[in-house]
1. Hey, can you tell me all the residues within region 186-198 that are touching a residue at least 40 places away in the same chain (Cβ under 8 Å) and open to solvent by 20 Å² or more (accessible area, probe 1.4 Å)?
2. Of everything in region 4-29, what is assigned to a loop (DSSP other than H, G, I, E, B) and in contact (Cβ under 8 Å) with a residue 60 or more places away in the chain? Give them in sequence order.
3. Filter region 159-202 for residues that are farther than 21 Å from G65 by Cβ and among the charged types (D, E, K, R) and give the result.
4. Which condition does R146 not pass, out of (1) charged (D, E, K, R); (2) without any contact (Cβ under 8 Å) to a residue 12 or more places away in the chain; (3) closer than 18 Å to P59 by Cβ, if it passes all the others?
5. The conditions are (1) within 15 Å of the ligand (Cβ to nearest atom); (2) closer than 19 Å to E118 by Cβ, and F60 fails exactly one of them. Which is it?
6. If we only count strands (runs of 3 or more DSSP E) wholly inside region 82-147, which ones have 3 or more residues that are open to solvent by less than 20 Å² (accessible area, probe 1.4 Å) and farther than 14 Å from D51 by Cα?
7. Taking region 48-81 on its own, how many of its residues are in contact with a strand residue (DSSP E or B) (Cβ under 6 Å, 6 or more places away or on another chain) and assigned to a helix (DSSP H, G or I)?
8. Can you find a residue that is hydroxyl-bearing (S, T, Y) and at pLDDT 95 or above anywhere in region 139-153?
Amino acid sequence: MEDPSGLPLPRLRAAARGCRACDLWQNATQTVFGEGEPAARLLLVGEQPGDHEDREGRPFVGPSGALLDRALEEVGIARPDAYVTNAVKHFKWVPRGKRRLHQKPNAAEIGACAPWLEAEVAAVRPQLLVALGATAAQALFGRSFRVLAQRGQMLSTVLGLPGLGTVHPSSILRAPDEEAYRLAYQAFVKDLRVAATVISGG
Ligand code: URA
């Protein structure tokens, strides 16, 4: 496999199609690479593609993506103006009847995929990285990061750029009732507003 560091995004995307750095490619439909504005000021990192993303080959196109788009819009960021990717680029799942149940990627899988994320960050050179959820935060801030204690705070990432962590949109979708949903969504928007202020120079 070609060393991805230093390649432009179209070549990275093409090279990642054949990635066999861990075993997750075996059960996935395809590599889901990042997409968005190649010179975006904001680069958002999720965990891994879900069922919808695996089938479509694009990040955050399912229910989590819809919630993310709505929250971004509320803070004045249009999704196409950002670059959106995942820490792990193949869908990890186990069968449950007819369903494909999401499984959390482990540290080895996150590590195997890290060169792609590093290369995307190097190609886009955003002003700010945003980790959506614990897996992405682990990839950007290391294993000691605690989402609930450190969310919304400006920190430095292991990739040498500033970053901020927040919850994963799917955790909001799992809220047990309407009130919990409303509060979780508001807190998510608040974190994204910090990001929007940083990239607008405020
Ligand atoms: N969840 C993620 O972390 N990434 C996606 O692309 C979709 C759902």
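The values are calculated or read from the model by the stated rules, or taken from the named source; none is laboratory data. Given the structure is predicted, the values throughout are model-derived calculations rather than measurements. Neighbour counts run over all protein chains shown; Cβ positions are idealised from the backbone, glycine included. Each accessible area value is taken on the protein alone, full model and side chains, heavy atoms only, with ligands, DNA and RNA left out. Shrake-Rupley method; radii C 1.70, N 1.55, O 1.52, S 1.80 Å.
1. Kept after step one, since they are touching a residue at least 40 places away in the same chain (Cβ under 8 Å), are these residues of region 186-198: 188-189, 191-196, 198.
Hits for region 186-198 are R193, V194, V198.
2. Passing the criteria: P4, S5, G6, L7, P8, C19, A21, C22, N27, A28, T29.
3. If the condition is that a residue be farther than 21 Å from G65 by Cβ and among the charged types (D, E, K, R), then D177, E178, E179 are the ones that fit.
4. For R146, the failing item is (3).
5. It is condition (2) that F60 fails.
6. Values: elements: 83-86, 93-96, 99-102, 128-132.
In region 82-147, 83-86, 128-132 are the strands (runs of 3 or more DSSP E) which contain 3 or more residues that are open to solvent by less than 20 Å² (accessible area, probe 1.4 Å) and farther than 14 Å from D51 by Cα.
7. Matching residues across region 48-81 total 1.
8. Within region 139-153, none of the residues are hydroxyl-bearing (S, T, Y) and at pLDDT 95 or above.
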